[in-house]
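Undergrad: Let me give you the structure first, and then I'll get to my questions.
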Amino acid sequence: MTQVVSNAALATLTVADLQKDTLIALVVSIASSFQLKVVEKKKAPLSLTLLSEEVLTERNAILRALCGMVFHNALDNAPYYMLGGHSAASAVSQSPVSAMAMAGISSWMSVASKVRQSPSSEHDLIDQLDSYLKTRAYLVPSATPTVADLDLTLALLEQQSKGEVPLQSHHIHVRRWMEQCHATMTTMAEGSKVTIPPLEGETAPIPMPVFFYGTEENVVLPKAPTKEGGEKKSSDPQAASDGAQGGLSEEEKKAAAEKRAKKNAEKAAKKKKQPQPKQQEQQAAKDLDVSALDIRVGKIIKAWHHEEAEKLFCEEVDVGEESGPRKIASGLRPFYKTEDLTGRHVLVLCNLKARNLVGFPSHGMVMCASNDDHTKVEFVVPPPDAKIGERIIFDGYKGDPETENKVAKKKLFEKIAPDLKTDADGVVTWKTGKAMTSAGPVKALNGMPNAHVS
């Protein structure tokens, strides 16, 4: 009797001969010896005793348990995914796809058991399996072979070695699937005592097609094979002579060289005309302006302290959208009281992607002016008669705002913000363009001059 002892074992596997069942041996070889205790005892029935003292005695149930719940899905994660990654998903999120996949794994393992018990009744299995795998990589949705794929592959290999369930040359999908499963098992078995049955009837490699673009030099085409396996001989002596010399006369070689030189010159000229990536980036930066930002007039409907962040206000801000007020978080508690925010008309940067700020879903930014060391902060506000939802336009910069995704991906606000300031009169500007509404310019609340706006 051999025994792998572990005080931290989550289960105990009792088996008469571990190497007799290749798949069980393979799963045991990749399981952690600190989590699985293996007891080999002659004539002992196969069983798996869990930490809860529950005992499993059915082979397929034991395999699924080892690959899933017993080790907290450790074998259903990278790099193995023995249950296709579906074990945790079906149990935790109750995913219908994962639940169906788990049921499929159980069913296919039952098919493998049937192949082992009565292979003669499964002669049409290969045809059905080939049709099934025509549009599938594996038996159930998975990025890698599951325990069901490996079980059925081993069952077929066992029967093939006995001359049962023959695999024909037209079963290309089954062949592809078996080769992948066999390669996976071979990799898993490396460094262990597990022996994977050989894959018989290796298919001959299919030669890849060769493409010619007309610019190759000294191309020698392979001779077409005859039925006897030899090369087809040409009956034209002159053609044979030409083929021995490369197939081209001196004049033809010269013409081909001139053609290549002309084509290369055209490519070089075309490449020179095309703007380089660096030039394109510089041009894009030059073309970028404040019109890419969607800044709108808003009104703070409600404001309250964030429960966990001591510097954050949580706000509901009306920016004129049919969907209702936006939820926005602002770090203004060091500078304002709650009553200073409620009912306040403000400017809101609207084309920012929604994100969680300490658990609060914030979609947008209330804009403020601040001094260099950020010790003084004040709202930038529209004229009293400005309409809620009205977009701010900067003098000389008209254009449609960019999408939220582009603003985030290209970091447009970070590129535009350095030139977003107040002038000597406290009016918000971008470079030389003043921020305007239909009712007049936008200013810092208390007229803070030469301040940063963000």
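Undergrad: Could you sort 370-377, 36-43, 386-393 so that the peptide with the highest average Cβ count within 10 Å comes first and the rest follow in order? Write down the numbers at each step before the final one.
TA: Values: 370-377: 12.2, 36-43: 14.9, 386-393: 17.4.
For the peptides 370-377, 36-43, 386-393, the packing ranking is 386-393, 36-43, 370-377.
Undergrad: Then there's this: Among rounded, prolate and oblate, which fits the range 382-434 when a ≥ b ≥ c are the square roots of the eigenvalues of its C-alpha gyration tensor, a/c under 1.5 means rounded, and a/b larger than b/c means prolate? Write down the numbers at each step before the final one.
TA: Working: a/c = 2.16, a/b = 1.32, b/c = 1.63.
Oblate, since a/c reaches 1.5 and b/c is not below a/b.
Undergrad: So if I place +1 on the C-beta of Lys and Arg and -1 on the C-beta of Asp and Glu, and nothing else carries charge, what would the dipole magnitude of the range 383-454 be about its Cα centre? I want it in debye, nearest 20. List each step's numbers first, then the result.
TA: On the way: 12 positive and 10 negative charges, 57 e Å.
For the range 383-454, the charge dipole is close to 280 debye.
Undergrad: Between the range 360-425 and the range 49-77, what is the C-alpha centre distance in whole Å?
TA: About 58 Å separates the Cα centre of the range 360-425 from the one of the range 49-77.
Undergrad: Something else: Please give the peptides 134-146, 49-61 ranked by average Cβ packing (other Cβ atoms within 10 Å per residue), highest first, as a rough proxy for protection.
TA: Working: 134-146: 18.2, 49-61: 13.0.
Ranked from most to least packed, the peptides come out as 134-146, 49-61.
Undergrad: Using a 1.4 Å probe on the protein chains only, how many percent of the accessible area of the range 320-454 belongs to carbon and sulfur?
TA: Details: 3560 of 7270 Å².
On the range 320-454, the fraction of accessible area on carbon and sulfur atoms equals 49 percent.
Undergrad: Let me ask something else about it. Residues in the range 411-454, backbone N under 14 Å from the label point at ASP372 (7 Å along the Cα-to-beta-carbon vector): list them, ranges by number please.
TA: Answer for this model: 450-452.
Undergrad: From the phi angles alone, apply the Karplus equation (6.51, -1.76, 1.60; θ = phi - 60°) to the range 342-353 and give each ³J(HN,Hα) in whole Hz, x where the residue is Gly or Pro.
TA: Whole-Hz 3J(HN,Hα) from phi for the range 342-353: 4, x, 6, 7, 9, 9, 10, 7, 9, 9, 9, 5.
Undergrad: Leaving ligands, DNA and RNA out of it, report the carbon-plus-sulfur percent of the accessible area of the range 34-184 at a 1.4 Å probe. All intermediate terms of the calculation are to be shown ahead of the outcome.
TA: Values: 4150 of 7410 Å².
It is 56 percent, rounded to a whole number.
Undergrad: Within the range 283-355, list the GluC sites (Glu not before Pro) lying in a DSSP loop whose Cβ has at most 15 other Cβ atoms in a 10 Å radius. Mind showing how you got there, number by number?
TA: Values: sites: GLU307, GLU308, GLU310, GLU315, GLU316, GLU321, GLU322, GLU339; in loops: GLU307, GLU308, GLU310, GLU321, GLU322.
Counting only loop positions with at most 15 other Cβ atoms within 10 Å, the GluC sites (Glu not before Pro) in the range 283-355 are GLU307, GLU308, GLU310, GLU321, GLU322.
Undergrad: Multiply the residue separation of HIS305 and LYS273 by 0.36 nm, subtract the distance between their alpha-carbon atoms, and state the gained length in nm to one decimal.
TA: Separation in residues times 0.36 nm, less the Cα-Cα distance, equals 5.7 nm.
The values are calculated or read from the model by the stated rules, or taken from the named source; none is laboratory data. Note that the coordinates shown come from a computational prediction; the quantities given were computed from them, not determined experimentally. Every residue, glycine among them, receives a Cβ derived from its backbone with ideal geometry; neighbour counts consider all protein chains shown. For accessibility, only protein heavy atoms count, side chains too; no ligands or nucleic acids. Shrake-Rupley method; radii C 1.70, N 1.55, O 1.52, S 1.80 Å.
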